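Have a look at the structure below before the remarks.
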Amino acid sequence: MQLSKNGKVVIVDNVFTEAKPLLDVLNMNQIPYLYFDGKVDSLPETPCKGIRFVFLDIALEGMDGADTKTKASAIVGILEKIISKDNGPYAIIFWTKHPEVIERTLKNCQIRGIKPVISLDLDKSECKEGETYSLKAILEKLKTKAEKLGPYSLYIMWENIAADSGTEFINSFANIFEFDDNWSENTRHLFYRLYKAYTEKNEVSDDKDKILCVLQLINRSFKDLLDNNTVNCREKLNLFEFPSTPTDEEEKRTFSQKINEIISDEIIAKINNSLFIIDNPDFSQLSTVVFKYADEELKNIFLDKCFEKISEVAKASAQLCRLVITPQCDICQDKAILHRVLYGIIFNEDDATKCRKGPLFPFGPFYFHDSSKSIVFHLQSITTCKKDELCSKEVLFGLRKDLFFDIQANSANHVNRHGNFAIKKQFKI
């Protein structure tokens, strides 16, 4: 049963004796939860983010005799106090059976901007053996409902793997020293050594920045652990039916057309954003940050070098930019006298453009300023500049590590190339 292990399960039921059997099941499965009785004075001061499941009783206190519209309105008012509009995907499991109220509640949730991606009905009256709620019956019902979560269950599994990996990683460090009276002092010095390993001879004055250095170093090792634990969960991955690739040519064309309709160009741009773009990068890191650079003469040179064909509209809207490719360790350890930068051109994905062949690194589409963009870096444009010059430029976005390292590697390969001057068999001018 894939429910969130991160305290992201909510139960709303005004009768505690009826909610308790469900809470017991969650306790048995080590699933943290938030319980609310629906009363206004017990709801969160600010709505929560990251809620993944809501078990909702819609027959709450004070609703006896109310019509469907009134009940649904009151329920959604409670949900708005619990779930932020920035919550992300969540599922409602209706802990009752009133289809007309459920339907109206879901419509109101959509209007208020807190619509669940999945809604299921778990009638608590069916979880009884005689007049008593049965833990076994509830558990079986939950397992049956969990099987209907489909692809949503993969997000839940990943969050659980990340949480378990965090616990494992902390334990590996915390257990280095015995849990005695000296543990805190020893650990404080351990963190100091991590900070110095990250910065070497560069001394950071602010303790907050020192802590950030420790966390940055921890993040690198944590990612490897997360990757390993993700691979090890293979046996648990029968979560939903994965689309299979057709073998018949006609079926292939139909399947491809369906995929292209669902995963449109705009969706692809937004996916690439999630995978590769940082919208608000930490400027102090410099490395991986893309800066705006205004120089019309240089922009026109790069447009000519990067594109065989480009419309006048595209030229006008194109933006010259610079990516800092200085190694991160040089920045952290204050070894960079001058920063290495690579020039690029950002252009609208919809504009008619054709990149030249040669020392270019194109990437796109991605979503920027509410439209699909692409970017092309010219690998021959590596130059250097002072940090002060970078600080005076507008930050556009950052690149995530995988894309950034790929650009760094391609740049290094281009700089180090020897060239091949072998005589070809046929001569052409």
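Here are a few things to note about the model shown:
- Taken together, Thr96, Thr70 contain a single residue that is hydroxyl-bearing (Ser, Thr, Tyr) and under 23 Å from Thr17 (Cα atoms), which is Thr96.
- Conditions (1) modelled with pLDDT under 80; (2) buried (at least 16 other Cβ atoms within 10 Å of the Cβ): number failed by Lys335: (2)
- Test: Leu390 is among the aliphatic types (A, V, I, L, M) and within 16 Å of Gly364 (Cβ to Cβ): no
- Pair list, Cβ < 8 Å and 6+ apart or interchain, from the range 263-276 residues that are among the small types (Gly, Ala, Ser) to residues that are surrounded by 11 or more Cβ atoms within 10 Å (Cβ to Cβ): Ala269/Glu349; Ala269/Gly364; Ala269/Pro365; Ala269/Phe366; Ala269/Tyr367; Ala269/Ser372; Ala269/Lys373
- Residue check for Phe55: in contact with a Phe, Trp or Tyr (Cβ under 6 Å, 6 or more places away or on another chain) and assigned by TED's automatic domain parsing to the domain that holds Glu129: yes
- Checked against (1) modelled with pLDDT of 80 or more; (2) surrounded by 13 or more Cβ atoms within 10 Å (Cβ to Cβ), Pro151 passes all but condition (2).
- In this entry, Ile277 passes the filter for residues that are modelled with pLDDT of 90 or more, surrounded by 11 or more Cβ atoms within 10 Å (Cβ to Cβ) and in contact with a helix residue (DSSP H, G or I) (Cβ under 9 Å, 6 or more places away or on another chain).
- Number of residues in the range 360-387 that are surrounded by fewer than 17 Cβ atoms within 10 Å (Cβ to Cβ) and over 29 Å from Arg220 (Cβ atoms) equals 4.
- Residues in the range 17-58 that are among the aliphatic types (A, V, I, L, M) and either under 25 Å from the mean Cα position of the chain (by Cα) or assigned to a helix (DSSP H, G or I) (or both): Ala19, Leu22, Leu23, Val25, Leu26, Met28, Ile31, Leu34, Val40, Ile51, Val54.
- Count of the range 237-258 residues which are loosely packed, with under 11 Cβ neighbours inside 10 Å and among the small types (Gly, Ala, Ser): 1
- Lone qualifier among Glu308, Glu235 - being assigned to a strand (DSSP E or B) and either within 23 Å of Cys385 (Cα to Cα) or not hydroxyl-bearing (Ser, Thr, Tyr) (or both): Glu308
- Any hit, the range 307-318, residues being surrounded by fewer than 16 Cβ atoms within 10 Å (Cβ to Cβ), modelled with pLDDT of 90 or more and over 30 Å from Tyr198 (Cβ atoms): no
- Qualifying positions in the range 165-212 - under 28 Å from the mean Cα position of the chain (by Cα) and surrounded by fewer than 15 Cβ atoms within 10 Å (Cβ to Cβ): Gly166, Thr167, Glu168, Ile170, Asn171, Ser172, Phe173, Ala174, Lys208, Asp209, Ile211
- Restricted to helices (runs of 4 or more DSSP H) entirely inside the range 120-211, those with at least 2 residues that are in contact (Cβ under 8 Å) with a residue 12 or more places away in the chain and more than 30 Å from Pro89 (Cα to Cα) are 152-174, 183-199.
- Filter result (among the hydrophobic types (A, V, I, L, M, F, W, C) and under 26 Å from Asp282 (Cα atoms)) within the range 179-210: Leu190, Phe191, Leu194, Ala197, Val204
- Residue check, Thr132 exposed (fewer than 15 other Cβ atoms within 10 Å of the Cβ), farther than 30 Å from Pro327 by Cβ and within 31 Å of the chain's Cα centre (by Cα): no
The values are calculated or read from the model by the stated rules, or taken from the named source; none is laboratory data. Predicted model only: the values in this text are computed from it and were never measured. Note: ideal-geometry Cβ built from the backbone for every residue, glycine included; neighbour counts use all protein chains shown.
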